1. If each residue's Cβ is checked for other Cβ atoms within 10 Å, how do SER100, SER182, SER198 rank with the fewest at the top?
2. Which pairs, out of LYS99/LYS205; LYS41/LYS205; LYS101/LYS250, put more than 24 Å between their alpha-carbon atoms?
3. For the chain, build the charge dipole from Cβ charges (+1 Lys, Arg; -1 Asp, Glu) around the Cα centre, then report which of THR83, LEU35, HIS164 sits farthest towards its positive end.
4. What label, among (1) 21.7; (2) 20.8; (3) 19.0, belongs to Kirkwood radius over Cα pairs in Å computed from the structure on display?
5. Please compute the length gained on full extension between ASN216 and ASP72, using 0.36 nm multiplied by the number of residues separating them and subtracting their Cα-Cα distance.
6. Name all residues of the range 123-147 having a backbone nitrogen under 11 Å from the label point set 7 Å from the Cα of ALA39 along its Cα→Cβ direction, giving them as ranges.
7. Under a plain spin-label model, where a point goes 7 Å from the Cα along Cα-to-Cβ, how far apart in nm are LEU257 and LEU127?
8. Could you work out the helix-only [θ] at 222 nm for the chain, with each DSSP H run of four or more residues adding -39,500 (n - 2.57) and the total divided by the number of residues, to the nearest 500 deg cm²/dmol?
Amino acid sequence: MPTVLLCPVKTALAIGLLGAAALPAESERYRQQLLADEALKTTELRAQYAARSFGPLWVATEPVPVVGFIGDNYQRLHLKLLTVRPDPQQPGRYLVTGKSKVRTTIMAFTGTFRVLHVRESQQLPRLLDDAPSPAVKAGLVLAEYELREPAGQPGAGVFRGVLHSRWYQDQAGRLRYDDLTSYADGFANNQFVGTWQSYKTGAVKRCNWGDYRIANSGDLDIGAGEFSPAEKYLANGWAVYQRACFNNDKEARQQELAAWWK
């Protein structure tokens, strides 16, 4: 079994574009930014990868906590994907279950991921000390997501946006979560950029999360090599995280390691 890490320290195309046009504004900007990366080849491979499952990439985060925020005050968001399974009726679509937690409120959600783009990298990931790489290919998958909390539950809503994940293909032909450069400063993967919208009021809040770091997190993250919440936001759900990861507080570490989704 993998060692459970407490904190994220280093150790058909037309259809896709139609979906992307309906993305929240920040999500659409993020999509365009990712696709403009010169480290990626420009050839769109969505159709070529349609029969392959990226599902294991999105549930491969057990050893690393997911960090996230909701709202302009960067209130801490906990989010756990429990299952991500290919939809047998629609290639490139995935059926998703999971749970979210804000403060003490825990909600289940169900929803979908739909692949918008698959691109391969110009070069393979470079390992520490130039060790031999297990990768024969590497790249990015970009998908739109919609995750719905129960409509009848107080404070419930829907998460919408775009996600991107870095993957590599090993010598056996399997697609794997790309953590080959997790030693590097600023490493991140499985980045979700979007919004949460209340069913009751229609209010929309920014809501981003990811592995190791959070995309577009503004002045929340002041860390250089790893995620570190700014002091002015500690009261918004980040105090226990700070004590656990940077003050070596035993009680705080136990709270961070608790499987709140079970």
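1. On the way: SER100 24, SER182 18, SER198 14.
Fewest-to-most ranking of SER100, SER182, SER198: SER198, SER182, SER100.
2. On the way: LYS99/LYS205 18 Å; LYS41/LYS205 34 Å; LYS101/LYS250 22 Å.
Too far apart for the 24 Å limit: LYS41/LYS205.
3. Of the listed residues, the answer is THR83.
4. From the options (1) 21.7; (2) 20.8; (3) 19.0, the structure gives (3).
5. Details: separation 144, 0.36 × 144 = 51.84 nm, distance 1.16 nm.
Value of the extension gain: 50.7 nm.
6. Under cut-off, by backbone N: 123-126, 139-140.
7. Using points 7 Å along Cα→Cβ, the separation is 2.9 nm.
8. Roughly -4000 deg cm²/dmol at 222 nm, from the helical runs in the chain.
Each reported figure results from applying straightforward, stated rules to the coordinates on display, with no laboratory input. Since we're looking at a predicted model, the values are computed, not measured. Quick reminder, even Gly has a Cβ in these numbers, built from the backbone with ideal geometry, and neighbours come from all protein chains shown.
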